[in-house]
Structure formats: structure tokens, C-alpha cells
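Comments concern the structure below.
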Amino acid sequence: MNGLQKILVVDNGEREPESALSAELAGMGYASVTAPFEAADDVLAMIPSPAAVVLQVPPQAKWSERRRFLELAQRLRISMAPSGVPILITGGISGAVAMLRNELGAQAVARQEFEIQPAITPKAFSSVRP
């Protein structure tokens, strides 16, 4: 698990086996750490650079619970903006997986675009003769 990029999944602490993202994330090559809402900040302190943070709001959540997740998302987006960690809010597995594929795929493409390429120097051309 140490070699894999980690994704933090924050939920309300009431986990149903069919709503667990861990198997889907493992299939995508990520390790997941699932934490209840109240422990999100403590867990983030132990995972300084997650690949993403997914806030998994229960589908039947009341407005007060949804608002707590939205406020956490806003705070995390501000605090994690410099590192570019995506903060995603979802109500189910399939939505979360699709969003993660899109977001993390876009990041991978962006990283490839900005990789430093070796410079071509005049010396490299000196050995090439027409």
C-alpha cells in the first residue's frame, strides 16, 4: 500500500459493503483510505499529498448533513488548491469512479504536457552530417 497513490474517501461513517469505493479504486491502481467525516482533517494530516479526496455523501442524507459535506469541500478546495488535489463530491460509487477517472486522467495528461524534455543543443547536431 505504501507504493500506491492514496485517495482519501470521507463518508458519514455508516458504510455498506456495496457502497465501498475501495475495490473500485484498487482496480484503478490506487489505495484508498476511508475515514468518517469527523476524522477527515486528522487523516489528511497523515496523508500529505493524496491523489484525490472523495466526499461520499449518503444518497438519503438530510440537508444539514449535505451542507456539512459541501462546507468541507469548500474548505479543502481552498486549502489544497496549491497542490492541485481534486476534491470530489459524490453520492454513489459509479459517479465517484467516473469522476475520478476523468479528473485523474486529465491530471496525467497535464503532467505529461509539462514534463521537461531534454534540450537539443548545437553539439547534438554537430555529429549529424547531411
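The values are calculated or read from the model by the stated rules, or taken from the named source; none is laboratory data. Source: prediction; values computed, not measured. Methodologically, a virtual Cβ is constructed for each residue, glycine included, from the backbone with ideal geometry; neighbour enumeration extends over all protein chains shown. SASA here: full protein model, heavy atoms, side chains in, ligands and nucleic acids out. Shrake-Rupley method; radii C 1.70, N 1.55, O 1.52, S 1.80 Å.
Between the amide H of VAL9 and those of VAL33, THR34, ALA35, VAL54, distances stay under 5 Å, these residues lying 5 or more places away or on another chain, with hydrogens modeled in the peptide plane.
In the context of the full set of protein chains, the stretch 34-81 has a per residue accessible area of 59 Å² (1.4 Å probe).
Residue order by solvent-accessible surface for ASP41, ASP11 is ASP41, ASP11, largest first, with ligands and nucleic acids left out and a 1.4 Å probe.
Here the stretch 47-65 is scanned for amide nitrogen atoms under 20 Å from the site 7 Å beyond the Cα of ASN102 along Cα-to-Cβ, giving 51-59. Remark: the stretch 43-57, residue by residue, has Karplus-estimated 3J(HN,Hα) of 5, 4, 5, 8, 10, x, 9, x, 5, 6, 10, 10, 9, 9, 7 Hz, where x stands for each Gly or Pro and the curve is 6.51 cos²θ - 1.76 cosθ + 1.60 at θ = phi - 60°.
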